[in-house]
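S.K.: The following block contains the structure, expressed as structure tokens.
The values are calculated or read from the model by the stated rules, or taken from the named source; none is laboratory data. Computed from a predicted structure; not experimentally measured. When we count neighbours, we look across all protein chains shown, and the Cβ atoms used for this are built from the backbone with ideal geometry, even at glycine.
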Amino acid sequence: MIRSLLSICLIFLCSVVYAQQDGDASHSFAIKAYNYSSLPKMLNQSENRRYISTGFNSLMVKFNNNLYSYRLSGSYYDKSIEFSNNCDNCGLAAGKVKDYTFKAGFEKNFNYGPVQPYIGFDMGYRSNEFNGRINTADPQSLVAGARKRGFTLSPLLGVKFSPVKLISLFAEGNAEYFYAWGKETTNLPGNSEGGNSHKFNKGEYLYNPISVGIQIHLTRQK
């Protein structure tokens, strides 16, 4: 009985390995089902409020060439948000944030097999925009806005698991350098002119510890 079970497991494992070794998946489509990541800093946002959890907001297309894959990806986030401005016990900022990215890059698998660790690199464009209000000790809140546009560089590390030939589950993380130019404004409600406004050019580091998703492989016509 034990010998039969071992034989079945060995046959299944070999079939999965062979599916990865034949290199017949020319394209892959992936969706990230869960992301835990940091957003670019908005206004004077306190550092410990920059991490968010999202799901099913990032898509990816891969063009496979043996151990290498060339990837195009995009993500979009559009939700209401609250964060402490200046410090944890200072003014509370609340409003709408829109954040989207477009990236191109590559990944390299270390081996063929059912479990494939990989490294990679992405670069691309990111846009981040916040519009809302800052509530302070003063009875009258401030209307605030912040906009950033710039490019990103992201080394990444991940691992894929392929339980069947056409499907892989993956998990990856990355550190992102975001260099942006933008503008921040604060005004009293109803005051379309005046207020405080300044433009900037600056870089910042974003850390995205974990993304988990599913990848579907399309094979070449034989």
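S.K.: Name the residue that is nearest to GLY158 (Cα to Cα), counting only residues in region 82-127 that are in contact (Cβ under 8 Å) with a residue 40 or more places away in the chain and among the hydroxyl-bearing types (Ser, Thr, Tyr).
M.R.: Taking the candidates together, the pick is TYR118.
Matching residues to (1) more than 19 Å from MET60 (Cβ to Cβ); (2) of a type in the set (A, V, I, L, M, F, W, C):
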{"residue": "ASP122", "(1), (2)": "no, no"}
{"residue": "GLY132", "(1), (2)": "yes, no"}
{"residue": "THR136", "(1), (2)": "yes, no"}
{"residue": "LYS148", "(1), (2)": "yes, no"}
{"residue": "THR152", "(1), (2)": "no, no"}
{"residue": "VAL164", "(1), (2)": "yes, yes"}
{"residue": "SER168", "(1), (2)": "no, no"}
{"residue": "ALA171", "(1), (2)": "no, yes"}
{"residue": "GLU176", "(1), (2)": "no, no"}
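S.K.: Determine if region 126-140 includes at least one residue that is surrounded by 16 or more Cβ atoms within 10 Å (Cβ to Cβ) and among the aliphatic types (A, V, I, L, M).
M.R.: Yes: one or more hits.
S.K.: Here is a list of conditions, (1) surrounded by fewer than 19 Cβ atoms within 10 Å (Cβ to Cβ); (2) out of contact with any Leu (no Cβ under 9 Å at 6 or more places or on another chain); (3) modelled with pLDDT under 95, and ASN64 meets all of them except one; can you say which number that is?
M.R.: (1)
S.K.: Sticking with this one: Answer yes or no as to whether ARG71 is farther than 30 Å from LYS199 by Cβ, at pLDDT 90 or above and either touching a helix residue (DSSP H, G or I) at 6+ places or on another chain (Cβ under 7 Å) or assigned to a strand (DSSP E or B) (or both).
M.R.: Yes; evaluated as a whole, the condition is true for this residue.
S.K.: Do we find a residue being outside any loop (DSSP other than H, G, I, E, B), more than 18 Å from ASN44 (Cβ to Cβ) and at pLDDT below 95 anywhere in region 111-129?
M.R.: yes
S.K.: Scan region 46-68 residue by residue and report those that are closer than 30 Å to GLN116 by Cα and in a loop (DSSP other than H, G, I, E, B).
M.R.: GLY55, PHE56, ASN57, ASN66, LEU67
S.K.: If I filter region 117-156 down to residues being under 16 Å from the mean Cα position of the chain (by Cα) and among the small types (Gly, Ala, Ser), which single residue comes out as farthest from TYR76 (Cα to Cα)?
M.R.: It comes out as GLY120.
S.K.: What are the pairs with Cβ atoms under 6 angstrom where one residue, in region 195-220, is exposed (fewer than 13 other Cβ atoms within 10 Å of the Cβ) and the other, located anywhere, is outside any strand (DSSP E or B)? Sequence gap at least six, or different chains.
M.R.: Qualifying pairs under 6 Å: ARG220/ASP24.
Residue by residue, here is whether (1) surrounded by 20 or more Cβ atoms within 10 Å (Cβ to Cβ); (2) charged (D, E, K, R); (3) in contact with a Gly (Cβ under 6 Å, 6 or more places away or on another chain); (4) within 30 Å of ASN187 (Cβ to Cβ) holds:
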residue	(1), (2), (3), (4)
ASP122	yes, yes, yes, no
ALA146	yes, no, no, yes
PHE151	no, no, no, yes
PHE161	no, no, no, no
LEU166	no, no, no, no
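S.K.: Does region 140-166 hold any residues that are in contact with a Lys or Arg (Cβ under 7 Å, 6 or more places away or on another chain), farther than 19 Å from ALA104 by Cα and either of a type in the set (Lys, Arg) or assigned to a strand (DSSP E or B) (or both), and which are they?
M.R.: Once the filter is applied, which keeps residues that are in contact with a Lys or Arg (Cβ under 7 Å, 6 or more places away or on another chain), farther than 19 Å from ALA104 by Cα and either of a type in the set (Lys, Arg) or assigned to a strand (DSSP E or B) (or both), region 140-166 yields LEU142, VAL143, ALA144, ARG147.
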